[in-house]
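J.: Have a look at this one before I ask anything.
What follows is calculated from the coordinates using simple rules that are stated; it is not laboratory data. Computed from a prediction, not measured in an experiment: that's the story for all the values here. Cβ sites come from the backbone with ideal geometry, for glycine too, and all protein chains shown count toward neighbours.
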Amino acid sequence: MTEKKLTRSELKRQAIIDAAKQAFQELGVQGTSMDELAARAQVSKRTVYNHFASKEALVMYLISELWQQATQSPGCDYNPDADMHTQLCNLLKLEVKTICNPQYIELNRMAFDYFFHQPEALRKEMEKYKAHETGVQRWIKSAIADGRLKPLDIEVASGQIHNLIKGGCYWPQLLQLSGPPSLIEQEALAERTAAMFLSYYHA
């Protein structure tokens with residue numbers, strides 16, 4: 001199959017994204033200007049703004065890109081014929097793996113440092129972020145429609161799952177209280193979380 005050729009606009013957008021990853025890593029979000037990004041991407045500052053309205057939007061894009069890569073795979077889709085615990089556990093393993101990705105943690109750490117002093121900007125970006133349906137939310141919605149989960153508030157229920165996961169592997173890494181959990185620990189966290197969720201919500 002012939003790979004689709006990127007347009008000039010898409011190439012410029014990718015150059016901006018690559019430049020941002022490098023600059024944020026070297027200079028931090030606070031220390032990176034849009035001029036710096038334009039220079040590294042070899043595009044005009046206007047082009048940067050055409051693709052990303054603000055530095056905040058670019059930071060959140062980089063974080064959501066990693067998250068969507070984990071939750072958009074075919075293995076995340078609900079299967080009415082498969083075991084519920086196995087399905088949910090496999091989905092959560094993908095999310096835990098993403099959270100334990102050093103790049104994901106580093107991006108979140110930089111974003112946290114940047115947005116800590118700009119709570120209003122963080123609130124606006126989080127509203128946009130929350131507008132996108134996650135893999136867990138899609139799975140829960142399908143399982144409810146199939147009659148295999150009790151009626152529930154999808155946002156609340158998915159939040160409970162993510163609170164368990166983040167408490168186990170996100171916050172300890174973000175705050176540098178511990179290193180990334182081993183693969184065995186990651187799988188155990190996903191299995192415990194799936195079991196706790198289904199013990200309450202399974203129809």
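J.: Residue-wise, which Karplus ³J(HN,Hα) couplings in Hz belong to the stretch 80-90, taking 6.51 cos²θ - 1.76 cosθ + 1.60, θ = phi - 60°, and x for glycine or proline?
T.: x, 9, 9, 4, 5, 5, 4, 4, 5, 4, 5
J.: Sticking with this structure for a sec: For helix 119-130, what angle does its Cα long axis make with the longest principal axis of the chain, in degrees from 0 to 90 and rounded to 10?
T.: So the helix axis and the longest Cα principal axis differ by about 50 degrees.
J.: Counting Lys and Arg as +1 and Asp and Glu as -1, what is the net charge of the other residues whose Cβ lies under 15 Å from the Cβ of Gln30? Kindly include the intermediate steps, with their values, before the conclusion.
T.: Values: positive: Lys55, Arg109; negative: Glu26, Asp35, Glu36, Glu56, Glu106, Asp113.
With Lys, Arg at +1 and Asp, Glu at -1, the net is -4.
J.: Using a 7 Å offset from the Cα along the Cα-to-Cβ direction at both Ser199 and Ser178, what is the distance between the two label points in nm, to one decimal?
T.: In this crude spin-label approximation the distance works out to 1.9 nm.
J.: Here's something else I'd like to know. What are the residues whose amide H is under 5 Å from the amide H of Leu149, where those residues sit 5 or more places off or on another chain and H is modelled from the backbone?
T.: Result for Leu149 returns Ile144, Ala203.
J.: Given a cut-off of under 8 Å on Cα pairs at least six residues apart, what relative contact order in percent is computed for the chain?
T.: Result for the chain is 22 percent.
J.: Within the stretch 161-203, list the chymotrypsin sites (Phe, Trp or Tyr not before Pro) lying in a DSSP loop whose Cβ has at most 11 other Cβ atoms in a 10 Å radius.
T.: In loop regions of the stretch 161-203 (DSSP not H, G, I, E or B), there are no sparsely surrounded chymotrypsin sites (Phe, Trp or Tyr not before Pro).
J.: Given contacts defined as C-alpha pairs under 8 Å and at least six residues apart, what's the relative contact order of the stretch 1-52, whole-number percent?
T.: Computed over the stretch 1-52, the figure is 34 percent.
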